[in-house]
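The values are calculated or read from the model by the stated rules, or taken from the named source; none is laboratory data. All figures in this text were calculated on a predicted structure; none of them were measured in a lab. Positions of Cβ are generated from backbone atoms using ideal geometry, with glycine treated the same way; all protein chains shown enter the neighbour counts.
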Amino acid sequence: MAAKKSSVAFVRKEPLPAMPPPARDRGAAKWIRENLLSNISNSVLTVLSIIAIYYLCAFVLPWIWNGVWTTSSLAECREVLQGVTGGCFSVLTERWNQLIFGFAYPSEFYWRPALAFVLLFFAAAPVLFFDLPRKLLIFTGLYPFLAFWLIWGGPIGYPLIGLLGCAVGYFVHSVLVARNFALGLIVGFAAAIATWSLGSNLVGALAPEQPLLGAVESRKMGGFMLNMILGTVAVSLALPIGIALALGRQSRLPIVKWVCVVFIEFIRGVPLITLLFVANVVLAYFFPPEANIDILIRVIIMLTIFSAAYIAEVIRGGLAALPRGQYEAADSLGLDYAQAMQMIVLPQALKISIPGIVNVAVGLFKDTTLVSIISMFDLVGMIRGPILASTEWNGVYWELLGFAAVLFFIVCYGISQYSQWLERRLATDHR
Amino acid sequence: MAKAQTAAAKKLEVSDEIAISITNMNKWYGAFHVLKEIDLTVNRGERIVICGPSGSGKSTLIRCINALEEHQQGSITVDGTLLSSDIKNIDKIRSEVGMVFQHFNLFPHLTILENCTLAPIWVRKIPKKEAEDTAMHFLEKVKIPEQADKYPGQLSGGQQQRVAIARSLCMRPRIMLFDEPTSALDPEMIKEVLDTMISLAEEGMTMLCVTHEMGFARQVANRVIFMDAGQIVEQNEPEAFFNNPQSDRTKLFLSQILGH
């Protein structure tokens, strides 16, 4: 036709309307094609995975679905099931209190550790989520003494003296620290210890016959409660001690440095189980014979120093990763050692160390189950000992150990999720 | 314009009061003798540029002045305070002497404003509100008040260095030390930092500046010091120093840095 009239000139009269992408390129179809069936080997893997998932579900789902929750022994449960696949979860409901509180904790006092557990969340919140009002930290400071009183009971004087000792120590420290850092630290500690020993004698003499909350011995703690007590106390003590050890290891004072190095290297070189046996048996030789240090305190000391040594090394990595310029900038502005550490060095070093610290914390929490081998009846100790050994529930492994696994998983996964949130929240480098 | 500024800078008064006096100072890194027999007196209001080849000890010299490096012999007196191993004296001198680093060394976990208010609040014990006002005043002076709530990682190199200068100024120092403040910057950003330093000089700040910016030296300095192998080889007024260097080492150095 008009072949000669071809021209490069072009004017669009109507703008093209936006169209949706073709069906195979959107939504689920696109995702499945790209992620599951992108090539042959990928497709084969997808099919195999589906088969594996199917078999897993085919076994686990009926086991959970047909689970029996109300019988009072394994034999009874088998009778109800009549050969059908199903879990005997009734061991959990029937032995619930033992799993959570151990077999010796007085049942009329169960509400006390339960209340302490609920309050733990309120106490931890302002520490974990630092956007919350700072005034809430007052409760956090009071919580250890409150929780001690709730769980162990006995005269309220003891936790009050504990609190008073901390307050006196802090006061003495803050008066003296302006003159000399080490002096403030040492005398502050001494003042706290003096208050405690004086006060506990006083409370021992003045204690009423019937305290408001009945006393419970440490030997009676058990179940998941014991894991929670050990884990929370050891982690919250190990972090500050680990920081102190890491800073001490960097110290220019040779004595401080070598004490920290020897301590860290020794503790890291010894298995935790050995330390726990030491706590159980040997530690008594080191204390004066009349000092009957509570077994729980001995175990907490061992767990704490063990994880403190690891945390110290993790933090040392964070300190080493910090450019020298940060120290120099802090120095050049006239900040003293404590200020430079508190406001410049540690915030950055700890941020770098978060994944490592969380690793240690999660490991420590799971390691609290090791106390079962020194005949403390924590969750695993309860399962392996009193429950599996009983005539009613001999042989219910999957349900009990699965339950323990779920409980530990919830806590550890929670810690892990928190740490990831924290890393995102603290990210200011905008790389 | 540049001429006029030069003239203005030249007229800046140098008082007779002594700000820094260094006598017979020696420093070793292990067995390596980095600084040899340094004698230097700086009067209040002086603007001194220190130059020299790398490894000549010029950074080490100014880092000795605020005790970031320890010297082993001789004495350093800053504002009448003798620098000794006494931590009180060191902290006192450091709070009087501002320092700007080659790599800025801002605190990356704090906002610009917090970077500037941290030391005044904790070292000078100034109320937070007042420290923030001061910080905003100096951030305006270095022309970046609008970045106050950002983090250092969000700023360009030149902006970061200007914040670093503002951070030092917030401590109201009587002496400023600059350790190659422009060496880590892109060429376009060097000017904004130098402009800030020039305006500081015009206000009469006592400055010691390790730099290779010879234009800056000509325009602002009242004295140029050339160092080599740990010694002060030559010092003079900038005109004489650049136009008529005396030692061969200085001539060689100048021909190399001005040659292209």
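Structural remarks
- Of all residues in the range B:169-200, those satisfying the criterion of being surrounded by fewer than 24 Cβ atoms within 10 Å (Cβ to Cβ), in contact (Cβ under 8 Å) with a residue 24 or more places away in the chain, under 25 Å from B:Glu96 (Cβ atoms) and more than 14 Å from chain A (Cβ to nearest Cβ) are B:Thr196, B:Ile198, B:Ser199, B:Leu200.
- Restricting the range B:67-115 to residues that are more than 10 Å from every other protein chain (Cβ to nearest Cβ), under 18 Å from the mean Cα position of the chain (by Cα) and within 30 Å of B:Met136 (Cα to Cα), the residue that is surrounded by the fewest Cβ atoms within 10 Å (Cβ to Cβ): B:Asp79
- Single condition B:Gly158 does not satisfy, out of (1) in a helix (DSSP H, G or I); (2) buried (at least 17 other Cβ atoms within 10 Å of the Cβ); (3) at pLDDT 90 or above; (4) not basic (Lys, Arg): (3)
- Against the list (1) within 14 Å of another protein chain (Cβ to nearest Cβ); (2) outside any loop (DSSP other than H, G, I, E, B); (3) surrounded by 19 or more Cβ atoms within 10 Å (Cβ to Cβ), the condition A:Leu422 fails is (3).
- Lone qualifier among A:Val270, A:Val235 - being assigned to a loop (DSSP other than H, G, I, E, B), under 25 Å from the mean Cα position of the chain (by Cα) and either of a type outside the set (A, V, I, L, M, F, W, C) or under 19 Å from A:Gly363 (Cα atoms) (or both): A:Val270
- Screening the candidates B:Glu46, B:Glu37, B:Glu130 for the property of being more than 9 Å from chain A (Cβ to nearest Cβ), surrounded by fewer than 16 Cβ atoms within 10 Å (Cβ to Cβ) and in contact (Cβ under 8 Å) with a residue 24 or more places away in the chain yields one hit, B:Glu37.
- Any chance A:Val262 is part of a helix (DSSP H, G or I) and in contact with a helix residue (DSSP H, G or I) (Cβ under 7 Å, 6 or more places away or on another chain): no
- Pairing residues of the range B:140-161 that are touching a residue at least 12 places away in the same chain (Cβ under 8 Å) and within 14 Å of another protein chain (Cβ to nearest Cβ) with residues that are surrounded by fewer than 17 Cβ atoms within 10 Å (Cβ to Cβ) and in a helix (DSSP H, G or I), at Cβ distances under 8 Å and at least 6 apart in sequence or on separate chains, gives B:Gln147/B:Gln154.
- Every residue from the range B:194-218 that is touching a Lys or Arg at 6+ places or on another chain (Cβ under 6 Å) and either of a type outside the set (S, T, N, Q) or part of a helix (DSSP H, G or I) (or both): B:Thr196, B:Ala201, B:Met207, B:Val210
- Checking each residue of the range A:381-400 against the condition of being hydroxyl-bearing (Ser, Thr, Tyr), outside any helix (DSSP H, G or I) and surrounded by 13 or more Cβ atoms within 10 Å (Cβ to Cβ) gives at least one match.
- Test result for B:Ala166, among the small types (Gly, Ala, Ser), within 12 Å of chain A (Cβ to nearest Cβ) and in a helix (DSSP H, G or I): no
- In the range B:111-124, the condition of being among the polar types (S, T, N, Q), assigned to a loop (DSSP other than H, G, I, E, B) and in contact with a strand residue (DSSP E or B) (Cβ under 7 Å, 6 or more places away or on another chain) is met by no residue.
- The single residue among A:Gly231, A:Gly214, A:Gly223, A:Gly242 that is at positive phi and touching a residue at least 12 places away in the same chain (Cβ under 8 Å) turns out to be A:Gly223.
- Selection count, the range A:189-239, where residues are of a type outside the set (Ser, Thr, Tyr) and closer than 24 Å to A:Thr368 by Cβ: 22
- Picking from residues in the range A:352-371 that are buried (at least 19 other Cβ atoms within 10 Å of the Cβ) and in contact with an Asp or Glu (Cβ under 8 Å, 6 or more places away or on another chain), the one that is farthest from the other protein chains (Cβ to nearest Cβ) is A:Val371.
- For the range A:329-338, filtered to residues that are crowded, with 19+ Cβ neighbours inside 10 Å and part of a helix (DSSP H, G or I), the residue that is farthest from the other protein chains (Cβ to nearest Cβ) is A:Ala330.
- Residue match in the range B:193-213 (condition: under 24 Å from B:Glu13 (Cα atoms), touching a strand residue (DSSP E or B) at 6+ places or on another chain (Cβ under 8 Å) and among the small types (Gly, Ala, Ser)): yes
- Restricting the range A:291-328 to residues that are of a type in the set (D, E, K, R) and within 25 Å of the chain's Cα centre (by Cα) leaves a set whose member that is nearest to the other protein chains (Cβ to nearest Cβ) is A:Arg316.
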